[in-house]
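What follows is one structure encoded as structure tokens, with my remarks underneath.
The values are calculated or read from the model by the stated rules, or taken from the named source; none is laboratory data. Fair warning: this is a prediction, and the values are worked out from it, not measured in the lab. Note that each Cβ is placed from the backbone with ideal geometry, even for glycine, and that neighbours are counted across all protein chains shown. Protein only, heavy atoms only, side chains kept; ligands, DNA and RNA dropped before computing areas. Shrake-Rupley method; radii C 1.70, N 1.55, O 1.52, S 1.80 Å.
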Amino acid sequence: MPVDWSELLAAILLLLGAVLALSAGIGVLRFPDALSRMHAATKPQNLGLIAMLAALVLASSSWITLLAVLPVIALQLITTPMAAHMLGRAGYRVGSVRQDLLIRDELEDDIRRAQRTGESPGRRASGRDR
Amino acid sequence: MSGVRHGDGSRRGAAHQLLLLGGLVLLWLLLWGSFTPIDVLAGITVALLATRVFELPPVQLTGRLHVGHLLLYLIRFAGEVVAGSVQVAALALDPRRTPRAAIVEVRLTTKSDLILTLVAVTLSLVPGSLVLEVDRQRSTLFLHALGVQDGEDVRRIRHHALDTEYRLLRAIGSRAELRKASR
């Protein structure tokens with residue numbers, strides 16, 4: 001029986017995607033605070049999704065699938081950093097940060113500096129003003 | 001190098017608007033995976049609705065595009081997305097230690113919203129960093145970096161962020177900002 005290479009590659013990609021998604025899940029469980037968890041939720045998860053979609057394109061071997069998958073990947077890459085930013089920012093503000101695991105916190109330094117000089121802190125000027 | 005736009009402001013605004021609408025209709029068609037007249041009509045309706053309901057300020061393009069540098073940027077970006085995923089997956093699966101982190105302040109040189117946004121998006125997807133806070137007035141990013149051990153790592157994160165900005169400026173930045181960043 002001849003080996004169907006595209007199916008084999010699709011299977012490998014599916015497996016790879018599943019492993020990455022699993023590691024993202026483990027990261028969300030294991031990482032110590034909200035900010036670290038956002039790393040797990042954005043990076044391996046993204047590549048995992050791309051691997052899965054690539055497998056889908058290979059298995060269906062149709063151009064229409066590729067055309068539908070490309071915007072999905074692009075939108076995913078654009079939106080996950082935003083989601084991670086919003087959640088991370090909220091997490092930092094409510095103090096969901098393990099300070100003992102941070103080797104440096106320059107945002108805290110910046111807020112202190114701003115409070116001393118009486119300016120508005122940097123984190124208030126976050127692009128909502130235009 | 002190309003892409004310098006001329007003409008009066010309102011005409012340019014209308015052209016941008018049409019480009020945006022066209023892009024949205026194309027996206028709609030791609031997501032449905034079919035290209036019948038009904039789909040096109042529905043796409044136009046949805047695009048018009050979306051742009052009316054969620055009105056956004058126009059994106060200020062820098063007016064310069066270097067295709068070669070953009071390609072280099074995208075290739076490097078793809079490689080870094082893979083590296084970033086593998087790094088975080090490895091940290092997640094390593095049972096021996098809890099990863100340490102740092103919050104790093106990076107002062108970028110650009111004043112362009114578009115470049116600032118793209119740098120922030122890129123840095124969130126590549127190894128080690130996640131954008132925690134953006135100070136638009138001072139073009140400053142605060143990055144949360146995972147898997148950081150010492151000051152040397154912090155220095156590397158900062159250098160990588162500035163390098164990403166420089167590569168992006170080389171691809172689509174304005175000449176003035178590129179000159180400023182190369183100094």
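Tabulated data for the structure shown
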quantity	calculated
Between helix B:9-32 and chain B: long-axis angle, C-alpha atoms, 0 to 90°, nearest 10	80
Farthest toward positive dipole pole in the protein assembly as shown [+1 Lys/Arg, -1 Asp/Glu at C-beta], among A:LEU102, A:VAL57, B:VAL25	A:LEU102
Accessible carbon and sulfur surface of the range B:9-53 relative to its total accessible area, %, 1.4 Å	78
Chain pair B, A: total accessible area buried, heavy atoms, 1.4 Å probe, Å²	4300
Cα centroid of the range A:11-66 to Cα centroid of the range B:11-30, whole Å	31
Shielding of B:91-97 by partner chains, average beta-carbon count, 10 Å	5
Accessible area per residue in Å² at 1.4 Å probe, computed on chain A	57
Top of A:LEU66, A:LEU107, A:LEU13 by mean-square fluctuation, Gaussian network on chain A, Cα under 10 Å	A:LEU107
Prolate/oblate/rounded label for the range A:1-114 (Cα gyration tensor, a/c 1.5)	prolate
Amide proton proximity set for A:ARG104, modelled H, under 5 Å, gap of 5+	B:ILE103
Helix runs (DSSP H) in chain A reaching 15 Å along axis by Cα, Kyte-Doolittle at least 0.5	A:5-30, A:34-60, A:63-93
Most mobile listed residue (B:ARG136, B:ARG97, B:ARG156) in chain B, GNM with C-alpha springs under 10 Å	B:ARG97
Three-way shape label, the protein assembly as shown, alpha-carbon gyration tensor, a/c 1.5	oblate
